[in-house]
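Please treat every number below as a calculation from the coordinates, not as lab data. For clarity, every value in this text was computed on a predicted model and none was experimentally measured. Every residue, glycine among them, receives a Cβ derived from its backbone with ideal geometry; neighbour counts consider all protein chains shown.
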Amino acid sequence: MSSRPTDATPAWGEGFPAGLDADAAERVGAQLRELYRRHAGAATDGVVSFYPPEAAARRETFGLSGVHVGGARISLGDCRERFPLHSISKVFTYALALEDNGRAATLRRIGVEPSGDPFNAIIFDEAQNRPHNPMVNAGALVAASLVRGDDAGEKIDRLLQRLRVFSGNPDLGVEPEILDQQLDSNDRNMAVSYLMRSLGMLDGDLEANLSVYLSACSVTVTTDELAMMGATLANDGINPLTGQRAMPSEHVRDVISVMLTCGMYDAAGQWFYDVGIPAKSGVSGGIVAAIPERIGIAVYSPGLDVHGNSARGVAVCRDLSTHFGLHLFTPSHEPAS
Ligand code: GLU
């Protein structure tokens with residue numbers, strides 16, 4: 001598969017990676033293209049499922065994009081293919097819940113402990129009477145309920161407005177077909193919602209709240225847009241290209257922290273051990289990563305591993321991390337290749 005940079009991609013090397021001259025930047029670009037080609041050609045052994053099953057028809061789809069906080073970008077492969085955010089939306093719903101309610105009030109309602117269980121598990125932090133964290137469905141449903149707005153429509157509009165600033169795409173929207181599909185297979189989220197209401201963790205109109213949560217899941221993006229969303233998080237909440245603020249600076253650290261500890265389903269520990277960067281995945285096969293003050297990365301490839309993470313996405317991020325020394329605990333004396 002060849003690399004297909006977007007029209008708007010600024011010349012690789014213009015300020016990225018910081019401190020590198022044009023020759024060195026070109027070498028890094030060549031290494032990235034080579035890494036992309038290797039993973040595009042590799043067998044995806046770990047793939048056990050697709051969501052929905054029809055996504056199997058796109059098993060070879062593979063987009064990889066990176067945006068430096070300085071604004072320069074690289075886009076490889078199927079970087080313009082649209083896919084739904086699904087669980088990746090939880091990051092941004094949580095950001096807005098924090099903005100609307102503040103840290104202490106949000107923390108009273110949603111914990112920040114990795115659950116170690118699947119994203120849709122019907123389990124809660126019983127001691128504190130709240131969902132374990134905002135990256136599992138239970139926590140995201142409470143986060144959706146904390147978003148300010150008179151009704152579901154207003155909440156969805158406010159969420160969309162933020163997602164548009166994060167991505168830099170003013171047309172970002174909910175894909176109705178995907179939303180319908182989600183509404184048709186929603187029993188488990190309903191069950192979690194009703195159970196949470198019976199326990200006093202959630203209140204109000206549960207169906208309206210589900211439509212907020214599922215609308216956020218049904219927003220479609222490209223890896224170019226998603227990498228920009230990651231770069232906005234990495235850039236203290238300011239979109240590096242438009243200069244617009246997408247969320248308050250004071251909550252960026254909170255959001256990135258839960259990505260780091262809870263972002264990769266029940267493989268969050270293994271991910272941190274191997275890859276070591278804050279990230280969030282979704283069942284459509286997307287992954288967004290944000291490395292503060294450095295870069296946003298997005299991958300899309302729909303084949304899922306046993307944890308529900310994109311198998312190719314995990315493999316390519318592991319390689320990127322090793323190759324460029326991106327793990328947060330890479331010793332400074334260990335030179336990146
Ligand atoms: N819309 C999906 C659900 O709530 C999202 C799941 C995910 O990406 O983990 O079931």
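Each of Phe329 and Asp184 was given a label point 7 Å from its Cα along the Cα-to-Cβ line. The distance between the two points is 4.6 nm. Legend: Rg and Dmax of the chain, from Cα coordinates, 18.8, 62 Å. Working note: Karplus 6.51/-1.76/1.60 with θ = phi - 60° gives the stretch 80-88 the couplings 10, 6, 8, 8, x, 5, 6, 5, 4 Hz, where Gly and Pro are set to x.
Straightening the chain between Arg148 and Arg108 buys 12.7 nm, computed as 0.36 nm per residue apart minus the Cα-Cα spacing.
Between the beta carbons of Tyr273 and Ala56, assuming R0 = 22 Å, the FRET efficiency works out to 0.15 to the nearest 0.05. At 222 nm, what value in deg cm²/dmol follows for the chain if DSSP H runs of at least 4 each add -39500 (n - 2.57) and the sum is divided by all its residues, to the nearest 500? After summing the helix terms and dividing by residue count, I get -13500 deg cm²/dmol.
For the stretch 33-116, what is the convex hull volume of its Cα atoms per residue in Å³? If you can, show how the numbers build up before the last one.
Values: hull volume 14.9 nm³, N = 84.
Normalising the Cα hull of the stretch 33-116 by residue number yields 178 Å³.
Calculate the FRET efficiency for Asp319 and Gln244 from the Cβ-Cβ distance with a Förster distance of 25 Å, rounded to the nearest 0.05. The formula returns an efficiency of 0.15 here. The slack between Arg197 and Ile123, meaning 0.36 nm per residue of separation minus the straight C-alpha distance, is 25.3 nm. In the chain, taking the dipole from charged Cβ atoms about the Cα centre, the farthest positive-side position among Ser284, Gly111, Asn186 is held by Gly111. For the chain, the residue among Tyr51, Phe62, Asn137 whose Cα projects farthest onto the positive side of the dipole built from Cβ charges is Phe62.
Could you state the number of Å between the C-alpha centres of the stretch 215-260 and the stretch 60-101? With the stretch 60-101 and the stretch 215-260 each reduced to a Cα centre, they are spaced 7 Å. Taking all Cα pairs closer than 8 Å and separated by 6 or more residues, the relative contact order of the stretch 96-249 comes to 25 percent.
Using a Förster radius of 41 Å, what is the FRET efficiency between Asp23 and Gln161 based on their Cβ-Cβ separation? Nearest 0.05, please. Provide the component values of the computation, followed by the final result.
Details: r = 42 Å, r/R0 = 1.02.
Using R0 = 41 Å, I get an efficiency of 0.50.
About its Cα centre, how strong a charge dipole does the stretch 160-203 have in debye, to the nearest 20, once Lys and Arg get +1 and Asp and Glu get -1 at the Cβ? Could you put the intermediate results ahead of the total?
Values: 4 positive and 7 negative charges, 64 e Å.
Taking the Cα centre of the stretch 160-203 as origin, the dipole is about 300 debye.
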